[in-house]
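The values are calculated or read from the model by the stated rules, or taken from the named source; none is laboratory data. This is a predicted model, so every value here is computed, not measured. A quick note on method: Cβ atoms are made from the backbone with ideal geometry, for glycine too, and the neighbour counts reach across all protein chains shown. For accessibility, only protein heavy atoms count, side chains too; no ligands or nucleic acids. Shrake-Rupley method; radii C 1.70, N 1.55, O 1.52, S 1.80 Å.
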Amino acid sequence: MEHLYQLGKACPPPAAEPERQYYFIERARKLLEEKIQEAGRPLTFCVVTFGCQMNARDSEKLRGILERIGYIKSESEEADLVIYNTCTVRENANLRVYGRLGYLHSLKKKNPHMMIGLCGCMMQEPQVVEKLRKSYRFVDLVFGTHNIYKLAELLVQAMESDAMVIDIWKDTDRIVEDLPVDRKYPFKSGVNIMFGCNNFCSYCIVPYVRGRERSRRPEEILREIRNLAEDGVKEVMLLGQNVNSYGKTLPEPMTFAELLRKTAEIPGIERIRFMTSHPKDLSPELIGAMAETPKVCPHLHLPLQSGSTRILEKMNRRYTKEQYLELTDRIRRAVPDISLTTDIIVGFPGETEEDFQETLDVVERVGFDSAFTFLYSRRTGTPAASMAEQIPEEIMKDRFDRLLDRVQAIARERCARFQGRTEEVLVENINEQDSSLVTGRMGSNLLVHFPGDASLIGSLVPVHLDECRGFYYLGTMAFTQKG
Ligand code: SAH
Ligand code: SF4
Ligand code: F3S
């Protein structure tokens, strides 16, 4: 879709979206042309992403808009416009951003054309914006998670003003479709199916910074996926904080299982993944859809958080240890070879050694193919932050190390089960260490390295898994791909 507008005083910006943003893309383009004249060279941008898949997808949207405006993409932060798309899920995510801002400031002192933008989850926290306003005056533009679609409009404001432009919304019920996107990979893509979260797990900041849960309409999602397929995309990852509750609030409700089946009908889409599932909402219907739809990858990321029912209750997760175990049993019966991965937090307030043993017990009994393990991080404003019995750091770290040991040993065993099999692999890139190898992913999400060249990137090829190297495989292509 092309949107072109006559610019000038006689023509005020349209009120409707996305038309309004295409108007501002044109205005930003004009302003950028002047800057390019002045600089006597093209101007570049760099978007740096912190955090989860949701943020990665948002960054692709930011890049799409900036390329349309006429900036040249760069991987280096020595660019003329640098945007940090931030995460605030744990304290250290924030600290990293403040640390790197100092470095950006030193670059800005050397480059008179440089602009700095900050957006994403961290910006939704009032105390962060206050700190930026006071101590980081060199930042040009600050926006949040709800208005990233407005980048062109905000950039025009920032280009026309010397003051810091700040635009943060508390929440939104708005979903703007049809803006440009610059995909990182031509052959695979994330697709947002819902935004926000209503679960309010007591440790988690996400519902406060991403707002209330809202689902995209299925027609819009399927239209986007059809367009992606026509553009060469073979694998989609359906994204949401809790995909299992997809569609419940739509005018015409649709379940996530139905959406999966509809996605699988789209020609050209060969693999479907999704992220993240909340155990409390994982329905038998979804397990059925996974079992019956070959395009759905045999991989489920099912965050456990804790194995202790007592702690799960304090976390407001709304399932018990037994319910989690029963659920994973049911999934394994329906999809026998499935890879199960998880997230676990250690050191939640009040966690005792016995509670921690319950977590280890679930880890042993389920046998996760991999697990992201986190030290509990106190997030201001969440209920857990003001709970008594915050756990001392040494105890937390000791539990963390013991958990990681078990998680890794089990993951190694699980990985080894594929030895000698031939599996379909989607080739993603040339191996970074050895350019005679390519690297791809199996349906289970394991990485495989095997001899091949760039012509294979983006193809699904059968690969014989010769040697398990802990958490990945070395393999050889089973036969030459035709066509
Ligand atoms: N919506 C997803 C998770 C999003 S955040 C879900 O419900 O599973 C990703 C992971 O970060 C969470 O699964 C959790 O393990 C971890 N996490 C969230 N808040 C945290 C905190 N305060 N401290 C440590 N880890 C946290
Ligand atoms: Fe956070 Fe819980 Fe929502 Fe996941 S489901 S984003 S952990 S509140
Ligand atoms: Fe971080 Fe925001 Fe994702 S807080 S984990 S980037 S939703």
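Assorted remarks:
- Of everything listed in (1) under 18 Å from VAL129 (Cα atoms); (2) open to solvent by less than 30 Å² (accessible area, probe 1.4 Å), the single unmet condition for ASN111 is (1).
- For the stretch 412-459, the set of residues classified as assigned to a strand (DSSP E or B) and of a type in the set (Phe, Trp, Tyr) consists of PHE450 only.
- Among the conditions (1) open to solvent by 20 Å² or more (accessible area, probe 1.4 Å); (2) among the polar types (S, T, N, Q); (3) within 16 Å of ligand 3 (Cβ to nearest atom), SER277 misses just one, which is (1).
- Matching residues, the stretch 256-270, being open to solvent by 20 Å² or more (accessible area, probe 1.4 Å), in a loop (DSSP other than H, G, I, E, B) and touching a helix residue (DSSP H, G or I) at 6+ places or on another chain (Cβ under 6 Å): GLY268
- Every condition in (1) modelled with pLDDT under 95; (2) open to solvent by less than 20 Å² (accessible area, probe 1.4 Å) is met by TYR246 except one, and the failing one is (1).
- Remark: pairs (first residue in the stretch 363-391, among the small types (Gly, Ala, Ser); second residue away from ligand 3 (no atom under 15 Å from the Cβ) and open to solvent by 20 Å² or more (accessible area, probe 1.4 Å); Cβ separation under 7 Å; 6+ apart in sequence or on different chains) = GLY367/ARG414.
- Number of the condition not met by PRO462 [criteria: (1) in a strand (DSSP E or B); (2) free of Cβ contacts under 8 Å to residues at least 40 places away in the same chain; (3) open to solvent by 20 Å² or more (accessible area, probe 1.4 Å); (4) not small (Gly, Ala, Ser)]: (2)
- Residues that are within 16 Å of ligand 2 (Cβ to nearest atom) and among the polar types (S, T, N, Q) were ranked within the stretch 36-85; the one that is most open to solvent (accessible area, probe 1.4 Å) is GLN53.
- Entry remark, the stretch 192-208: residues being under 26 Å from GLU224 (Cα atoms), within 12 Å of ligand 3 (Cβ to nearest atom) and assigned to a loop (DSSP other than H, G, I, E, B) number 2 in total.
- Scanning the stretch 160-214 for residues that are closer than 30 Å to GLY458 by Cβ and open to solvent by less than 20 Å² (accessible area, probe 1.4 Å), we see that the one that is modelled with the lowest pLDDT is PRO180.
- The residue list ARG378, ARG406 contains one member that is in contact with a helix residue (DSSP H, G or I) (Cβ under 7 Å, 6 or more places away or on another chain), within 16 Å of ligand 1 (Cβ to nearest atom) and either of a type in the set (A, V, I, L, M, F, W, C) or within 30 Å of GLN305 (Cβ to Cβ) (or both), which is ARG378.
- Members of the stretch 321-372 that are part of a loop (DSSP other than H, G, I, E, B) and open to solvent by 20 Å² or more (accessible area, probe 1.4 Å): VAL335, PRO336, ASP337, THR352, ASP369
- When PRO12 is tested against (1) more than 16 Å from ligand 1 (Cβ to nearest atom); (2) under 30 Å from PRO126 (Cα atoms); (3) not in a helix (DSSP H, G or I), only condition (2) is not met.
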